[in-house]
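The values are calculated or read from the model by the stated rules, or taken from the named source; none is laboratory data. On a predicted model such as this, the values are computed, not experimentally measured, just so you know. Backbone-built Cβ (ideal geometry, glycine too); neighbour counts: all protein chains shown. SASA here: full protein model, heavy atoms, side chains in, ligands and nucleic acids out. Shrake-Rupley method; radii C 1.70, N 1.55, O 1.52, S 1.80 Å.
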Amino acid sequence: MVDPLAFRVLPSDYREMLQDHYARLCRELDHLLRRPSSPGEFEEWARRLRTRLWEAMMVEPEKGDLNATAVSRRRKRGYVVENVVFESRPGFLVTGNFYLPEGGGPHPAVLQVHGHYPRGKYELHVQAIGATLARAGIAVLAVDTVGYGDRWFQGHREGLWLLAVGMSLPGLVLWDNIRALDYLESREDVDASRIGVTGSSGGGNQTMYLAALDERVKAAVPVASAEVFDDQVVSGRCYCECVPGILRFANASDVLSLIAPRPLMIVSAIHDEVFPALRARRAYLRVRRVYEMLNALDKLAYVEVHTGHGYFGEMRRAAYRWFTRWLKGSEEGLEEGDLDLEPDTSPSLACLPAPRGETISSLYSRRAEQLASTRVAEPGEWVQGLPELRARLAEALGCFAEEPLAVEELGSEVVNGLEVEKLVLRTELDIIVPAALVNAAGSERRCLVFLSPTNAASFLSLAPVSSWLESGGAAMALQYRGSGETASNEEVAVKNSIVVGRHLLGARVFDVLRALDYLYRERGFAEVQLYGERDAALIALFAAALDERVAALHTLSLPSTLTSRGGFRYPPSFFPPNLLKYADIPEVAAMVAPRPLTVEVPVDPQLRPMGREEAEEAFSFTRRVYEFLGAELSFSLTTVDDLVA
């Protein structure tokens, strides 16, 4: 007997589906890339690629005064350490330790960035690099990455939100590092013509992007980070390493190649399980072809050590050799003897006594509010712009693949006396969407598509569906990609969708639109309505807003806005690139007008059910548009206050 709370469509779960999908897209996109075959082609290729990469970074440059200060200074054995603070953008503080050699300058300098090490510039290997190079006459600026070290309070993972306002976490970090170069240039004791950069893991990626885009970097040593995006893209990276849409115009090895013909040393580890040596070797071989083409092989080196992931001693010694060669013109080897490092919790390295200045959350909220002010329009004017708005939203979601829809029938089962068809909608080559269709032969040619992040298997036992069936309609439970029987790690899927340029939210909306195609064209329904709860409420809302074939929409626990000064507890899939340039959630809801729309118990950015007054304020524009179109009775807003009453 079939369990009515655990109805299955597939013989077994397909948890690897999205992993396989992104691996396929990654390979296909790389195959489409064109790379230079001569020095002349390289110049034009590099120019175009830098332009595309800069645009993809979504940098919001604000090059005001650095307002740099040295908050403390202390002498160590053979060098001086200054604790410095500067603003990469107004009010957004970057903290760092500046290791200054003894003796007169100006000195060559190295910008040291770090990966996802909680202590940031306090880490012992960061200190060791600063001390060793400073003793050898090379100044070092070791900065904290946003969200780490003294900047812990600024947030890091919150950078995911930035996409929705036309910014990105990789772009934010890149701009911090560009401004760090500005700071080095501003110092009289630094020779701005001899600046290098290094970092490991995420710091290696920062090194790569900075050196590729800012030619003030004269020598680069990315450590434990080089790779060729291939099937490993499915493992995901931090959001700070996910450049929106990068795979549509470049692979990681192409970005490394932009450093040519400047000196580049790639360092990897044989036992690195995060950035495996095999992928680093492949990246090096691609980059080597470019350096060879430019007659610059003497400026490229590949070092592989017998360690795991990190920035270990042998790696550091290789970096020392590279920087002394290309920044000092010396072949001397440096050793880390007689170090006098601080404990990685020492307050002597601190730059801020307490949190101060802007955070990712405040940058986001300010930008969101600015965009909201530019979108303000009266309902009449707004309705006139709906065709363009739909096109813009579709572009922002990046969701539409032109592939024929294939449907596979897997038989049927009887549940609660109802025959339930098992269907698989192949919305793309390697995307299968399980669906259960019940009462398809009913006299009423109406169908309700039920969408839920977790409850699709029990849809027949839920009141919204059972009451619909009692009225004579048909119902379909649609398990959009990455949910139900194809569920996988949501965060990894979002990261991969970002780098391939097809956001997960948009792809899920696409799955719903393909279901509409099937129900109307293949099954002959006269009317299709949508019901979406929680995460799926937003998917259903976008589907209804973009496709007028949706006759009506009912949402439960719909998120109310992507504008908040207090951050969000939303899932990572809620922030597609540039969305707030065009519409916030209440405006998307207004796009459903004049069709019936029920918003049942919407939630605030902290996922708390909203009261009547708060909900009415949030969806006031939605209501105004319905009233303008003479359809005020078609918009229903219920809140937790109504339930209590």
- Task: With a cut-off of 18 Å, note down the residues of the stretch 344-375 whose backbone N falls inside the zone around a label point 7 Å from the Cα of residue 69 toward its beta carbon.
- Result: 348-359
- Query: For the stretch 88-142 and the stretch 564-621, what is the separation of their Cα centres, given in Å?
  - Reply: 44
- Query: What figure in square angstrom, to the nearest 10, would you give for the accessible area of residue 37 with a 1.4 Å probe?
  - Reply: 90
- Task: Starting from the Cα of residue 44, step 7 Å along the direction of its Cβ; do the same at residue 336; then give the gap between the two resulting points in nm.
- Result: 4.7
- Lys pairs in the chain, Cα-Cα under 27 Å, at least 8 apart or on separate chains: how many? 12
- In degrees, nearest 10, range 0 to 90: what is the angle between the Cα axis of helix 386-397 and the longest Cα principal axis of the chain? 50
- Message: Rounding to the nearest 10 and keeping the result within 0 to 90°, find how far the Cα-based axis of helix 535-546 lies from the longest principal axis of the chain.
- Response: 80
- Hits in the stretch 41-70: amide N under 16 Å from the 7 Å Cα→Cβ extension of residue 296, namely 41-51
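Given 0.36 nm per residue, what is the gain on full extension from residue 381 to residue 620 after removing their alpha carbon distance, in nm? Before the final figure, lay out the partial values.
Details: separation 239, 0.36 × 239 = 86.04 nm, distance 1.63 nm.
The residue 381-residue 620 span can extend by a further 84.4 nm.
Determine the gain in length on full extension of the stretch residue 471-residue 445; use 0.36 nm per residue of separation and subtract their C-alpha separation, reporting nm with one decimal.
8.2 nm
Let me know the shape class of the stretch 269-323, please: from the alpha-carbon gyration tensor, a ≥ b ≥ c as square roots of the eigenvalues, rounded when a/c is under 1.5, otherwise prolate if a/b is greater than b/c, or oblate.
The shape class here is oblate.
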- Task: Compute the label zone of residue 634 within the stretch 370-392: residues whose backbone N is under 14 Å from the point 7 Å along Cα-to-Cβ.
- Result: 383
- Query: When DSSP beta bridges are limited to those with both residues in the stretch 488-645, what percentage is antiparallel, rounded to the nearest 5?
  - Reply: 5
- Only Cα pairs under 8 Å and at least 6 apart count here; give the relative contact order of the stretch 454-545 as a rounded whole percent. 19
- Message: As I understand it, the value is the acute angle between the Cα axis of helix 124-135 and the longest principal axis of the Cα atoms of the chain; what does it come to in degrees, rounded to 10?
- Response: 30
- Query: Going out from 0 in 10 Å bins, what whole percent of all Cα-Cα distances in the stretch 365-425 drops into each bin?
  - Reply: 16, 23, 20, 16, 20, 5
- For the stretch 23-104, just say rounded, prolate or oblate: build the C-alpha gyration tensor, square-root its eigenvalues into a ≥ b ≥ c, call rounded for a/c under 1.5, and beyond that prolate if a/b exceeds b/c, oblate if not. prolate
- Task: Any chance you could check the Cα centroid distance between the stretch 19-35 and the stretch 186-257 for me, in angstrom?
- Result: 21
- Specify whether the C-alpha gyration tensor of the chain places it in the rounded, prolate or oblate class, a ≥ b ≥ c being the square roots of the eigenvalues: rounded for a/c under 1.5, otherwise prolate if a/b is larger than b/c and oblate if not. prolate
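Output the Kirkwood hydrodynamic radius of the stretch 168-248, Cα pairs only, in Å rounded to one decimal. Please report the intermediate quantities before stating the final value.
On the way: mean 1/r = 0.0737 Å⁻¹.
Here the Kirkwood hydrodynamic radius works out to 13.6 Å.
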- Using Cα pairs under 8 angstrom and six or more residues apart, how large is the relative contact order of the chain, in percent? 14
- Query: Just the accessible area per residue of the stretch 361-415, please: how many Å² with a 1.4 Å probe?
  - Reply: 57
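Between residue 13 and residue 644, what FRET efficiency comes out of the Förster formula 1/(1 + (r/R0)^6) with R0 = 56 Å and r the beta carbon distance, rounded to 0.05?
Values: r = 39 Å, r/R0 = 0.70.
That pair, residue 644 with residue 13, gives E of 0.90.
Measure off, as a whole percent, the carbon and sulfur share of the 1.4 Å-probe accessible area of the chain, all protein chains present. Write out the running numbers ahead of the final one.
On the way: 12130 of 24200 Å².
Of all accessible area on the chain, carbon and sulfur atoms account for 50 percent.
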- Measure off 7 Å from each Cα along the Cα-to-Cβ vector at residue 186 and residue 216, then give the distance between these two points in nanometres to one decimal. 1.0
- Between residue 128 and residue 527, what is the spin-label point distance in nm, taking each point 7 Å from the Cα along the Cα→C-beta axis? 7.2
